[in-house]
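Q: Before we start, here is the structure in question, set down as structure tokens.
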Amino acid sequence: MFRSYKNVSARERTQVWNNGFSDYMFPIHMTQEQLDYRLSSLSISQELSKILFVNHQPAGIYLHGEGVFSGEKIAWLGGMAVDSKFRGQQLSVKLLHEFETTAKNRNTETLYLEAIDGNDRAILIYQKFGFVPLCKVLVLESQEVYPLKTHHEIKKVETLEEIGIIEDNTTLWQNKSIHGYDCIGIYQDKNLVGYAVVSVKEDCLVFHQLELEEAHTQIKSVLSAFQITYAPQKWIGSNLVADEPTTQSLVINGFSEVLSQHQYSKKI
């Protein structure tokens, strides 16, 4: 039996999340408050996200976000786990089937998710269910201090649309500007030459999106502009598409790879 996240006690939904990820590749243990914050900060629905009960016990969980981008309604699987005590019962397939059925009933066109490279068990499950890889994405980090001299100016805007940028529906869900991040226009000689979507976490600046017309020649000066404005002690590139010129330019200029994963999609 499935129950909506919001109709399950905080203790039970946190328990199944933590038990399901107890042997995950990276630590992902959360408190009740942290799990709730994951949903609210990433625009994930408490109504659509669900917990699967087996014999009156929480056995599995998945998180469901949805939105319309570039005229297409999409849904994102923001996390899925099965309690280790209930594995071997095909519960992952039941969770994916419920996610897809709910999305279909809400006129969704495409499903998206990400899987960490090397998580072969999960990747096999997703591919058997019909998900196909779209692109490789990287998490990058840097502690570089860039020169306080730049040929570029950055300006915060209310939305990307304000500067003529339409977010593509394939932009990773957690990188979309709908989550309250700063939207930035990047200018050179008063001409728009790129844009960024960023957030600040303590002394860290996170790039969720970064696009430049000529990344290889502009990146150093653009990073200096962000250094002047935000003065970060640490930089993060969050799930940036690996083969994009801007991502490659970050790697050349002091950013190192921390994690790689692939984005997957399924038309329904």
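Q: Mind listing whichever residues of the stretch 224-252 are of a type outside the set (A, V, I, L, M), in a loop (DSSP other than H, G, I, E, B) and either closer than 17 Å to Val206 by Cβ or in contact with a strand residue (DSSP E or B) (Cβ under 6 Å, 6 or more places away or on another chain) (or both)?
A: Once the filter is applied, which keeps residues that are of a type outside the set (A, V, I, L, M), in a loop (DSSP other than H, G, I, E, B) and either closer than 17 Å to Val206 by Cβ or in contact with a strand residue (DSSP E or B) (Cβ under 6 Å, 6 or more places away or on another chain) (or both), the stretch 224-252 yields Pro232, Gln233, Glu244.
Yes/no per residue for (1) of a type in the set (Asp, Glu); (2) surrounded by fewer than 18 Cβ atoms within 10 Å (Cβ to Cβ); (3) in contact (Cβ under 8 Å) with a residue 24 or more places away in the chain; (4) under 27 Å from Leu77 (Cα atoms):
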| position | (1), (2), (3), (4) |
| --- | --- |
| His179 | no, yes, yes, yes |
| Leu192 | no, yes, yes, no |
| Val197 | no, no, yes, yes |
| His216 | no, yes, yes, no |
| Ala225 | no, no, yes, no |
| Ala242 | no, yes, yes, yes |
| Thr246 | no, no, yes, yes |
| Glu257 | yes, yes, yes, yes |
| Ser260 | no, yes, yes, yes |
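Q: Just one of the numbered conditions (1) out of contact with any Phe, Trp or Tyr (no Cβ under 6 Å at 6 or more places or on another chain); (2) farther than 26 Å from Gln227 by Cβ; (3) touching a residue at least 24 places away in the same chain (Cβ under 8 Å) is not true of Arg121; which one?
A: Unmet for Arg121, out of (1) out of contact with any Phe, Trp or Tyr (no Cβ under 6 Å at 6 or more places or on another chain); (2) farther than 26 Å from Gln227 by Cβ; (3) touching a residue at least 24 places away in the same chain (Cβ under 8 Å): (3).
Q: Return yes or no: is His56 over 20 Å from Tyr126 (Cβ atoms) and not aromatic (Phe, Trp, Tyr)? So that I can check it myself, show each step before the final result.
A: On the way: over 20 Å from Tyr126 (Cβ atoms): yes; not aromatic (Phe, Trp, Tyr): yes.
So His56 fits the description; yes.
Q: Next question. Just for the stretch 158-175: of the residues that are of a type outside the set (Gly, Ala, Ser) and surrounded by fewer than 15 Cβ atoms within 10 Å (Cβ to Cβ), which one is nearest to Gly78 (Cα to Cα)?
A: Per the stated criteria, the residue is Asp168.
Q: Can you name the residue in the stretch 107-118 that is under 22 Å from the mean Cα position of the chain (by Cα) and either in a loop (DSSP other than H, G, I, E, B) or free of Cβ contacts under 8 Å to residues at least 12 places away in the same chain (or both) and is also surrounded by the most Cβ atoms within 10 Å (Cβ to Cβ) among such residues? Reasoning before the result, please.
A: First pass over the stretch 107-118, keeping only residues under 22 Å from the mean Cα position of the chain (by Cα): 108-118.
Adding the requirement that they be either in a loop (DSSP other than H, G, I, E, B) or free of Cβ contacts under 8 Å to residues at least 12 places away in the same chain (or both) leaves 108-109, 117-118.
Numbers: Thr108: 20, Glu109: 15, Asp117: 14, Gly118: 11.
Selected residue: Thr108.
Q: For the stretch 60-70, name all the residues that are over 15 Å from Asn7 (Cα atoms) and either in contact with a His (Cβ under 9 Å, 6 or more places away or on another chain) or touching a residue at least 40 places away in the same chain (Cβ under 8 Å) (or both).
A: Residues satisfying the conditions are Gly65, Glu66, Gly67, Phe69, Ser70.
Q: Now a separate question. Return yes or no: is Asn55 under 21 Å from the mean Cα position of the chain (by Cα) and farther than 27 Å from Ile178 by Cβ? Can you show your working first?
A: Working: under 21 Å from the mean Cα position of the chain (by Cα): no; farther than 27 Å from Ile178 by Cβ: yes.
For Asn55, the condition - under 21 Å from the mean Cα position of the chain (by Cα) and farther than 27 Å from Ile178 by Cβ - is not met.
Q: Determine whether Val251 is open to solvent by 20 Å² or more (accessible area, probe 1.4 Å), among the aliphatic types (A, V, I, L, M) and modelled with pLDDT of 95 or more. Give the steps one after another, and end with the answer.
A: Values: open to solvent by 20 Å² or more (accessible area, probe 1.4 Å): yes; among the aliphatic types (A, V, I, L, M): yes; modelled with pLDDT of 95 or more: yes.
When the stated conditions are applied, Val251 passes them.
Q: I'm told Gly130 meets every condition in (1) open to solvent by 30 Å² or more (accessible area, probe 1.4 Å); (2) closer than 22 Å to Gly65 by Cβ; (3) in a strand (DSSP E or B) except one. Can you identify the failing condition by its number?
A: In the conditions (1) open to solvent by 30 Å² or more (accessible area, probe 1.4 Å); (2) closer than 22 Å to Gly65 by Cβ; (3) in a strand (DSSP E or B), Gly130 misses (3) alone.
The values are calculated or read from the model by the stated rules, or taken from the named source; none is laboratory data. Since the model is a prediction, treat every value here as computed from it, not as a measurement. Glycine also receives a Cβ, built like all others from the backbone with ideal geometry; neighbour counts cover every protein chain displayed. Surface accessibility is based on the protein's heavy atoms, side chains included, excluding ligands, DNA and RNA. Shrake-Rupley method; radii C 1.70, N 1.55, O 1.52, S 1.80 Å.
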